[in-house]
Amino acid sequence: MKSFKRAAVTALLLASTAASAQSIDGPEVNWSLSMWGNPRALSAGMEAIAEEVSAKTGGKFNIKVFYGGQLSGARENLDGLQLNAFEGAAICNFYHPGKNPAWMVFSLPFLPLGDPAVDQYVRSKMFEHPAIVADMERWNAMPYLTGLLPQYEILGKGDAPTALADWDGMRVRAGGGLGSAMEALGATKTTLPAGETSTAFQRGAVDAAAFPFTYAHVSFGIAEEADWFTGNLAPGTSECGWVFNKTAYDGLPDQYKTLLMDLRKMGMDVEQAAYAEQDKKNLPMFKETMQEITYSDEDLAKFREVAGQPVWDAWIAANSDKFDAQGLFDAVWDYAEEAKNQ
């Protein structure tokens, strides 16, 4: 946890947004946010925002993140928001695809989100997209802070899949479009919550697990169980971000709303700094303790051919009656192009 806080402080200083004396007056407000697992890079941005909110309001507006599923299970956070059980929560889109069908666009494979600056721009814009907002409104929630999850890689036990054909029959923890991409290689997907995956490894229930590389593999104990890791598969990512209870947010005074919205950029900078800090520590350890699997350009092109466009087309067709799936998918690429041209 200390390393995440160091990353948060560094990013805060770089962004010239370090905690300062009280500058915003208002009523006393206390918010509780629900999160599974332990403090980690994903939560570093929200923790930094909470610290700044408290500092800017002289301790009158306090946000506390409750970890370990103390307030709600990982799959039930949206239900808790709908019931006004707490004021905010982290959610992972593929934990409950039926609850947030539009959000599943983030888990489609091979989206143009590999560059951190492009990723931040695209996700920030997508969090304002009508279909993404509508998904949350059904649960009395609103999108707030993207988790900016890094590209996924896969860690596993047993025989290493050194060729694409070796994935045939493997049981892989991967959700959404990433899971569909692995199925295209013949793997069997499962969508276990992060906190249950290490136990599944130990019991032999799964052979491999896709997580944001590298921080999540360490945070959830996967690296302790694995024999090998993929170094350049980069099948895509997902969205585990922070959403607020809409009733709670609407009830805030305008100055508190403005403060929260103004701090989103700082929060994302902190997240990315925390991810980068973890990579510096984790990558050498991975290379020392596990076999690294890298694929040829030919293999990667083949993977994208069988698990890219076909998965995109299937997702768009399956959701076209729920929302403008084609338009939502196109928006990701349009925003990525905008980001590159800035």
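Quick notes on this one:
- The distance linking the range 293-342 with the range 18-58 is 35 Å (Cα centroid to Cα centroid, whole angstrom).
- Paramagnetic reach from T188 in the range 203-237 [backbone N under 13 Å; point 7 Å along Cα→Cβ]: 204-208
- Of all the options A205, A134, A102, the one that moves most in a Gaussian network model of the chain with Cα springs shorter than 10 angstrom is A205.
- Highest-MSF residue in the chain out of D207, D269, D115 [GNM, Cα springs under 10 Å]: D115
- Rounded to the nearest 20 debye, dipole of the chain from Cβ charges on Lys, Arg, Asp, Glu: 900 debye
- Candidate aspartates and glutamates for bridging to K157, where Cα separation is under 20 Å - those fewer than 8 sequence places away on the same chain excluded: D166, D168, E183, E196, D207, E224, E225, D227, E288, E292
- Span from the the range 113-177 Cα centroid across to the the range 274-291 one, whole angstrom: 20 Å
- Here the range 142-208 is assigned +1 on the Cβ of each Lys and Arg and -1 on the Cβ of each Asp and Glu. Its dipole about the Cα centre then comes out at about 200 debye.
- Positive-end extreme of charge dipole, the range 177-266 - chosen from T247, A210, G231 (charges on Cβ): T247
- Choice from E153, E51, E28 with maximal GNM fluctuation in the chain (Cα, 10 Å cutoff): E28
- Total charge dipole magnitude, the range 96-250, about the Cα centre, Cβ charges on Lys, Arg, Asp, Glu only, Debye to nearest 20: 380 debye
- Restraint check, K99/K257; K60/K281; K125/K246; K64/K125; K64/K265; K125/K322, Cα-Cα greater than 29 Å: K60/K281
Computed from the coordinates by the stated procedures, all read-outs in this text should not be read as laboratory data. In this text, all values refer to a predicted model and were calculated from it rather than measured experimentally. Note: ideal-geometry Cβ built from the backbone for every residue, glycine included; neighbour counts use all protein chains shown.
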